[in-house]
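A.B. asks: So that we are looking at the same thing, I have put the structure below in structure tokens.
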Amino acid sequence: MLILASASPRRKELLSQIGLSFTVHPARGKEILCPEWEPAQAAEQLAIQKAEEVAPFYPADTVIGADTLVAWNHVILGKPADAADARRMLEMLSGQRHHVYTGVCIIQGTKKKSFVESTQVTFYPYGKETIEWYLKTGEPFDKAGAYGIQGKGTVLVEKINGDYNTVVGLPVARLWRELTAFL
């Protein structure tokens, strides 16, 4: 049985989309982020933390942990603390290129495999009116980097270079290959 160590509706949707049957058991522990980690390493380590937290409950099953981070100029932009923080992030990203990293960890018993995927995202330049409109949608507040590419935030995106699903929160094409080799 597959266990998803995440409550993310986007990750649940992506796993369902590729026909995988799974149970959800969200990791609830405090995420430990070391300041010396580069963004890719941080995404992978957070995914490992989540999978390792949930795996002991399912020793015979396969646990998948994942974490998505947005980074601009190697600075990690997490979920905004409030509207001012979301506004700051959106102003920073306007007209800029940034990276989205999704780390994934697969654990079954004593076997463990982790990896990270990166996608480059370029935003159109936009003004305060667009930022205020987007803030009023409520969408930025539970998303890394203060935007959701799969929702209304798509209007901000000029182009991506890489896997779209990595930006959404789970690189399912790579996960499929890794699971096939792992199991």
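The values are calculated or read from the model by the stated rules, or taken from the named source; none is laboratory data. All of these numbers come straight from a predicted model, not from anything done at the bench. With ideal geometry, Cβ positions are generated from the backbone for all residues, glycine too; neighbour counts draw on all protein chains shown. We work out accessible area using only protein heavy atoms, side chains counted, and drop any ligands, DNA or RNA first. Shrake-Rupley method; radii C 1.70, N 1.55, O 1.52, S 1.80 Å.
A.B. asks: Would you mind estimating how fast segment 120-170 diffuses translationally, via Stokes-Einstein at 37 °C and 0.692 mPa s with the Kirkwood radius over Cα pairs, in µm²/s?
C.D. replies: For these conditions, the coefficient is 289 µm²/s.
A.B. asks: Another question, if that's okay. Anyone know which of 24, 70, 54 comes out most mobile in the 10 Å Cα GNM of the chain?
C.D. replies: For the chain, modelled as a Gaussian network with Cα springs under 10 Å, the answer is 24.
A.B. asks: Could I ask something else about it? With each label point set 7 Å from Cα along the Cα-Cβ vector, what nm distance links residue 23 and residue 157?
C.D. replies: Going by the 7 Å Cα→Cβ label model, 3.3 nm.
A.B. asks: Here is a follow-up. Ignoring the sites themselves, what is the longest stretch of the chain with no trypsin sites (Lys or Arg not before Pro) in a DSSP loop and at most 12 other beta-carbon atoms within 10 Å?
C.D. replies: 31-183
A.B. asks: Same structure, new question: Compute the helix-to-body angle for 83-93: its Cα long axis versus the longest principal axis of the chain, expressed 0 to 90° and rounded to tens.
C.D. replies: Between helix and principal axis, roughly 80 degrees.
A.B. asks: Another one. Mind checking segment 19-88 for GluC sites (Glu not before Pro) that DSSP puts in a loop (not H, G, I, E or B) and that have at most 16 other Cβ atoms within 10 Å?
C.D. replies: Those satisfying the criteria are 31, 36.
A.B. asks: For the pair residue 112/residue 34, report the inter-label distance in nm, with labels modelled 7 Å from Cα in the Cβ direction.
C.D. replies: Here the answer is 1.3 nm between the modelled labels.
A.B. asks: For the chain, give the percent of accessible area contributed by carbon and sulfur heavy atoms, probe 1.4 Å, rounded to a whole number.
C.D. replies: With neighbouring chains kept in place, the figure for the chain is 52 percent.
A.B. asks: Determine the per residue accessible area of the chain with all protein chains present and a 1.4 angstrom probe, expressed in square angstrom.
C.D. replies: Counting only protein heavy atoms, the per-residue value for the chain is 49 Å².
A.B. asks: What's log10 of I(q)/I(0) for the chain at q = 0.17 Å⁻¹, Debye sum over Cα points only, no solvent?
C.D. replies: Computed log10 I(q)/I(0) values: -1.04.
A.B. asks: Further, regarding this structure: Which residue, 106, 64, 32, has the most motion in a Gaussian network model of the chain that connects Cα atoms within less than 10 Å?
C.D. replies: For the chain, modelled as a Gaussian network with Cα springs under 10 Å, the answer is 32.
A.B. asks: Taking 0.36 nm per intervening residue step and subtracting the Cα-Cα distance, what contour gain separates residue 7 from residue 176 on full extension?
C.D. replies: This chain segment gains 58.9 nm when fully extended.
A.B. asks: Pick from 142, 67, 82: which is most flexible by mean-square fluctuation in a GNM of the chain where alpha carbon atoms under 10 Å apart are linked?
C.D. replies: Among 142, 67, 82, the largest mean-square fluctuation in the Gaussian network model of the chain belongs to 82.
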